[in-house]
Every structure is written in C-alpha cells, then in structure tokens.
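What follows is a short report on a single structure.
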Amino acid sequence: MGKIGIYGSSFDPITNVHLWTASTIAHRARLDKVIFVPCANNRTDKEMKTENEHRMNMVKLAIEDNPMFEVDDYESSKRAGTAKQYTFFTMEYFKEKYPEDDVYFMMGADILRDIDNQEVPVHKRWKHREQLIALNKFIVMARDGIDMLKVIGQSPLLRNHDDGTRFHLIDKGLSMEISSSYIRDEFAKGGEPRYLLPSKCYHYIKLHQLYSKED
C-alpha cells in the first residue's frame with residue numbers, strides 16, 4: 001500500500017513555492033507520489049487568468065524532472081463545467097483510481113480555515129464539506145499567521161472529525177509566501193519574477209505573452 005498526496009490549486013502560474021511545498025510534504029509525510037490537479041477556468045468560486053491548457057502545460061514543465069510528481073486533468077478536462085467539480089468528488093475519483101493506496105488531500109492552512117469558516121455565511125462555505133471531511137484525510141501545511149489547531153478547534157465540523165489521524169499538520173520551518181497573484185502582477189507591471197517560478201515556466205509565459213497588461 002502506498003501513500004498519495006492530491007495537490008489541487010489554480011497553479012496560475014505554478015511557483016517555486018508550490019514545488020517546495022509538494023516536495024516538503026512528500027518528504028515529511030513519507031508520500032510515494034504527489035499528483036498536481038489544476039482546477040478548471042470556468043469554476044464559479046475562482047477567477048482564472050489563464051486558459052486550462054496553458055496552466056496544465058506549465059505544471060507539466062515544472063514537474064517533468066521529478067519522478068515522484070504527476071499531473072492529472074481530472075478537474076480541468078474530465079470534470080470541467082460539471083456539477084461534480086468540487087474537491088469531494090475529486091477525492092472520490094482518486095480513491096477509486098488508487099483503491100489499494102492511502103490518498104490524502106494536500107492544502108495550506110488558509111484552505112483548511114476556509115472549508116468551514118465560521119465567520120462567513122453557511123452558503124459561502126465549501127460545497128459538500130461534511131462528506132469531504134468525514135471521508136478523507138488531509139495533510140495541512142502551515143501558513144504565516146494562521147494557528148492550525150485554533151482553526152480546527154473553532155469549527156464544529158473539523159474538531160468533531162479530529163480523531164488524531166484526520167489532519168496531519170506540518171509546520172514549514174521556513175517562511176516562504178510567494179503567491180501566483182504576485183507573480184502575475186510582476187509580469188503585468190513589467191517586473192522581473194524570473195527566480196520565483198521554474199525557469200521553463202518563466203520562458204513559457206514569455207513565449208505566450210501570458211499575464212501581460214492587456215490580459
């Protein structure tokens with residue numbers, strides 16, 4: 001039996017911190033594989049700046065030298081625009097695909113907080129969050145300024161399923177907070193974010209003129 005981490009994000013674009021996070025979690029949680037799952041650009045809860053094809057291509061370029069990393073188009077192609085384009089169904093898909101393995105959803109502490117954030121109306125919290133939490137295991141990477149134990153304690157849903165194995169909390173040990181939005185802004189303003197993302201992705205963005213002022 002293996003251990004697989006599912007890493008879902010917009011990856012718009014993928015950054016060196018995404019890769020560092022995936023590598024750190026794989027090492028610390030003893031994962032055998034990390035699967036990157038870019039979300040579709042027609043999701044109602046996210047505003048994508050880049051087409052699915054470009055984001056998928058950049059992830060492929062970024063991970064091609066690491067045999068532990070894979071990319072899957074489940075959300076961007078197989079489930080794009082369908083009623084099942086939510087994390088709960090994504091996890092069901094991968095658990096069916098890898099029935100002999102332990103499958104974990106990887107996320108930052110900010111995502112853990114958002115799943116059942118008690119400070120926002122119920123209808124604005126994650127869809128199918130009850131089933132998602134009850135039926136899955138999670139690896140959570142610390143984010144600056146967020147107390148992960150406090151987040152779990154403040155949510156009845158999270159704390160009622162915190163059995164000691166549900167949430168694997170990982171403290172980074174290093175402050176790295178480079179966002180995709182910052183990189184997009186740098187490109188749009190004529191900045192130079194070259195060393196914040198994989199070199200191949202940087203050149204891909206330049207070649208296809210992504211994140212320009214016109215975009």
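The values are calculated or read from the model by the stated rules, or taken from the named source; none is laboratory data. Since the model is a prediction, treat every value here as computed from it, not as a measurement. Glycine gets a Cβ as well: all are built from the backbone with ideal geometry, and neighbour counts include every protein chain shown.
Residues of the stretch 133-189 that are in contact (Cβ under 8 Å) with a residue 60 or more places away in the chain and of a type in the set (Lys, Arg): Lys172, Arg184. Scanning the stretch 110-126 for residues that are surrounded by 15 or more Cβ atoms within 10 Å (Cβ to Cβ), part of a loop (DSSP other than H, G, I, E, B) and not aromatic (Phe, Trp, Tyr) yields Asp116, Asn117, Arg125. Scanning the stretch 79-102 for residues that are loosely packed, with under 13 Cβ neighbours inside 10 Å and at pLDDT below 95 yields Gly81, Thr82, Ala83.
For every residue, the table says whether it meets (1) under 21 Å from Tyr86 (Cβ atoms); (2) of a type in the set (Lys, Arg).
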| position | (1), (2) |
| --- | --- |
| Met106 | yes, no |
| Asp110 | yes, no |
| Asp116 | yes, no |
| Arg129 | yes, yes |
| Leu149 | no, no |
| Asp162 | no, no |
| Arg166 | yes, yes |
| Ile178 | no, no |
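Within the stretch 94-108, can one find any residue that is assigned to a helix (DSSP H, G or I) and within 16 Å of His161 (Cα to Cα)? Within the stretch 94-108 (the criterion being assigned to a helix (DSSP H, G or I) and within 16 Å of His161 (Cα to Cα)), the answer is no, since none of the residues qualifies.
When the stretch 201-215 is limited to residues that are on the phi < 0 side of the Ramachandran plot and either modelled with pLDDT under 95 or touching an Asp or Glu at 6+ places or on another chain (Cβ under 8 Å) (or both), the one that is surrounded by the fewest Cβ atoms within 10 Å (Cβ to Cβ) turns out to be Glu214. Can you give me the number of residues within the stretch 148-186 that are over 19 Å from the mean Cα position of the chain (by Cα), part of a loop (DSSP other than H, G, I, E, B) and at pLDDT 90 or above? Within the stretch 148-186, residues that are over 19 Å from the mean Cα position of the chain (by Cα), part of a loop (DSSP other than H, G, I, E, B) and at pLDDT 90 or above number 6.
A search for C-beta distances below 7 Å between a residue of the stretch 64-76 that is farther than 14 Å from His54 by Cα and any residue that is hydroxyl-bearing (Ser, Thr, Tyr) and surrounded by 21 or more Cβ atoms within 10 Å (Cβ to Cβ), counting only pairs 6+ apart in sequence or on different chains, returns Tyr74/Thr90; Glu75/Thr90.
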